Amino acid sequence: VTGVQTCALPILPGIREPERGEVVVFTVAKRGGDTFPADREPRFPREEFVKRFINSVLASVGASLLAIIIGSLAAYGLTRFPYKFGPMKNDDISFFFLSQLILPPVVLAMPFLVLYKELALLDSIVGMIMIYTLMVLPIVIWIMRDQFLSVPHELEEAAMVDGLSIWGAFFRIVM
């Protein structure tokens, strides 16, 4: 029994300790016809490649856009507004986001597997976009925070004096 299976046995319902000589096989059921049925050939030679390539592009572009939107809003809030979360202030919260890069992704594998199974997100583009976004969000927040610190507050104040709202100053001046 491997370490992952040993960790998974107590938390996953319906899984028992294997007997001596038994082989444990984990499988994930596929939805939506990801592979071709035996009676149907691909319409053109690279159909499977093109399908998987488009899925990869959708997942990476979607995750990038979502990470930039969420990360820029979080970074803007951390640079322009004072926060206090318990004993932590803005710099501590920013460091907390950066410290998430130290966490090995394999530590999150089993919890996300259980969560995605319950939410029916296994083998879906939405699930991939969410995982990719969570993995790059700390570095996006850190980079955008440094970028927003380089923009002077006076530019935003001048834009608001000229009639822009906070959102208008954010989109037209800061971004």
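The values are calculated or read from the model by the stated rules, or taken from the named source; none is laboratory data. Treat the numbers as computed from the prediction; the structure is a model and nothing was measured. Note: ideal-geometry Cβ built from the backbone for every residue, glycine included; neighbour counts use all protein chains shown. With ligands, DNA and RNA removed, areas are computed over all heavy atoms of the protein, side chains included. Shrake-Rupley method; radii C 1.70, N 1.55, O 1.52, S 1.80 Å.
Things to note:
- Some residue of the range 22-36 being surrounded by fewer than 12 Cβ atoms within 10 Å (Cβ to Cβ), of a type outside the set (Ser, Thr, Tyr) and at pLDDT 60 or above: no
- The set of residues from the range 121-145 being modelled with pLDDT of 90 or more, open to solvent by 40 Å² or more (accessible area, probe 1.4 Å) and not hydrophobic (A, V, I, L, M, F, W, C) comprises just one member, TYR132.
- Condition met for LEU137 (in contact with a helix residue (DSSP H, G or I) (Cβ under 8 Å, 6 or more places away or on another chain) and touching a residue at least 60 places away in the same chain (Cβ under 8 Å)): yes
- First in the range 80-95 and in a helix (DSSP H, G or I), second anywhere and surrounded by 13 or more Cβ atoms within 10 Å (Cβ to Cβ) and at pLDDT 85 or above, Cβ under 6 Å, 6 or more apart: ASN90/LEU78; SER94/LEU78; SER94/ARG145
- Flag if SER150 is open to solvent by less than 70 Å² (accessible area, probe 1.4 Å), farther than 30 Å from ILE54 by Cβ and without any contact (Cβ under 8 Å) to a residue 40 or more places away in the chain: no
- Matching residues, the range 110-122, being in contact (Cβ under 8 Å) with a residue 24 or more places away in the chain and assigned to a helix (DSSP H, G or I): MET110, VAL114
- Those residues of the range 77-120 which are open to solvent by 70 Å² or more (accessible area, probe 1.4 Å) and under 30 Å from GLU157 (Cα atoms), in sequence order: PHE81, PRO82, TYR83, LYS84, PHE85, PRO87, LYS89, ASP91, ASP92, PHE95, PHE96
- Pairs where the first residue, in the range 123-134, is farther than 13 Å from ILE68 by Cα and the second is hydrophobic (A, V, I, L, M, F, W, C), C-beta under 6 Å, 6+ apart: ILE125/LEU58; ILE125/ALA59; GLY127/LEU121; MET128/ALA59
- Checking each residue in the range 157-175 for being open to solvent by 70 Å² or more (accessible area, probe 1.4 Å), more than 16 Å from ILE69 (Cα to Cα) and not in a helix (DSSP H, G or I) picks out only ASP162.
- Against the conditions (1) touching a helix residue (DSSP H, G or I) at 6+ places or on another chain (Cβ under 6 Å); (2) loosely packed, with under 12 Cβ neighbours inside 10 Å, ALA74 satisfies every one except (2).
- Of all residues in the range 132-175, none satisfies the criterion of being touching a Phe, Trp or Tyr at 6+ places or on another chain (Cβ under 9 Å) and small (Gly, Ala, Ser).
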